[in-house]
Amino acid sequence: MEINIKEILETLKEYLPKLVGASEEIASQLQSGKDVEAIELLQQFLEGLNWVVSVFIHLKKIGYDLGLNSEQLNEFLIQIEKALISKDNVLIADLFEYEISPILSLWLEKVENNLNKEFS
């Protein structure tokens, strides 16, 4: 089975902006008091994030390392879990707006850089 790295990176390039947008929307909904909508979107966000991270792991296993640090994101996800338990929506919104969204934007930038560097 041949793996098309370019195609995978292009898919990531299309999908990561959706995660960035979702993280910003979660923050906005929480700040607006739309907790139910935010939690529903959070569930979808986590599914999408899980897919992206699994793609990164798979790429790394086949020898294509994008140089991304998912550990940093894991730390913030742990903080979000604790904030969910304590119902600290302000902290959750801040984490999405000021921590998670910038990390995902950086990931997108690295994917785009790899595409431009290796496949243009």
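Mind telling me which of the residues Phe45, Phe56, Phe96 ends up being touching a helix residue (DSSP H, G or I) at 6+ places or on another chain (Cβ under 8 Å), outside any loop (DSSP other than H, G, I, E, B) and closer than 13 Å to Leu12 by Cα? Among Phe45, Phe56, Phe96, only Phe56 is touching a helix residue (DSSP H, G or I) at 6+ places or on another chain (Cβ under 8 Å), outside any loop (DSSP other than H, G, I, E, B) and closer than 13 Å to Leu12 by Cα.
Among the residues of the stretch 70-83, just one is surrounded by 14 or more Cβ atoms within 10 Å (Cβ to Cβ) and either in contact (Cβ under 8 Å) with a residue 40 or more places away in the chain or more than 14 Å from Phe96 (Cβ to Cβ) (or both), namely Ser70. Taking the conditions (1) under 19 Å from Trp107 (Cβ atoms); (2) surrounded by 16 or more Cβ atoms within 10 Å (Cβ to Cβ) in turn, Gln29 satisfies each one other than (1).
Can you find, within the stretch 73-112, the residue that is nearest to Asn4 (Cα to Cα) among those that are among the polar types (S, T, N, Q) and modelled with pLDDT of 95 or more? Working first, answer last.
Kept after step one, since they are among the polar types (S, T, N, Q), are these residues of the stretch 73-112: 74, 79, 86, 89, 101, 105.
Narrowing further to those that are modelled with pLDDT of 95 or more: 79, 86, 89, 101, 105.
Values: Gln79: 36, Ser86: 44, Asn89: 41, Ser101: 28, Ser105: 23 Å.
My answer is Ser105.
Could you say whether any residue in the stretch 10-21 is under 16 Å from Phe96 (Cβ atoms), among the β-branched types (Val, Ile, Thr) and either surrounded by 14 or more Cβ atoms within 10 Å (Cβ to Cβ) or touching a strand residue (DSSP E or B) at 6+ places or on another chain (Cβ under 6 Å) (or both)? Yes, the conditions are met somewhere in the stretch 10-21.
Yes/no matrix, rows are residues, columns are (1) under 21 Å from Lys87 (Cβ atoms); (2) among the hydrophobic types (A, V, I, L, M, F, W, C); (3) modelled with pLDDT under 95:
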position: Thr11; (1), (2), (3): no, no, no
position: Tyr15; (1), (2), (3): no, no, no
position: Gln31; (1), (2), (3): yes, no, no
position: Glu37; (1), (2), (3): yes, no, no
position: Leu41; (1), (2), (3): yes, yes, no
position: Ile57; (1), (2), (3): no, yes, yes
position: Gly67; (1), (2), (3): no, no, yes
position: Glu71; (1), (2), (3): no, no, yes
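Kindly indicate whether Ser32 is of a type outside the set (Val, Ile, Thr) and more than 16 Å from the chain's Cα centre (by Cα).
On the way: of a type outside the set (Val, Ile, Thr): yes; more than 16 Å from the chain's Cα centre (by Cα): yes.
Spelling it out, Ser32 is indeed of a type outside the set (Val, Ile, Thr) and more than 16 Å from the chain's Cα centre (by Cα).
Screening Tyr64 against (1) within 20 Å of Leu106 (Cβ to Cβ); (2) more than 18 Å from the chain's Cα centre (by Cα); (3) in a helix (DSSP H, G or I) leaves a single unmet condition, (3). Does Ala38 meet the test of being over 13 Å from the mean Cα position of the chain (by Cα) and in a helix (DSSP H, G or I)? Here the answer is yes, as Ala38 does meet what is asked.
The values are calculated or read from the model by the stated rules, or taken from the named source; none is laboratory data. Because the structure is a prediction, the values reported are computed rather than measured. Here the Cβ is made from the backbone with ideal geometry for all residues, glycine too, and neighbour counts use every protein chain on show.
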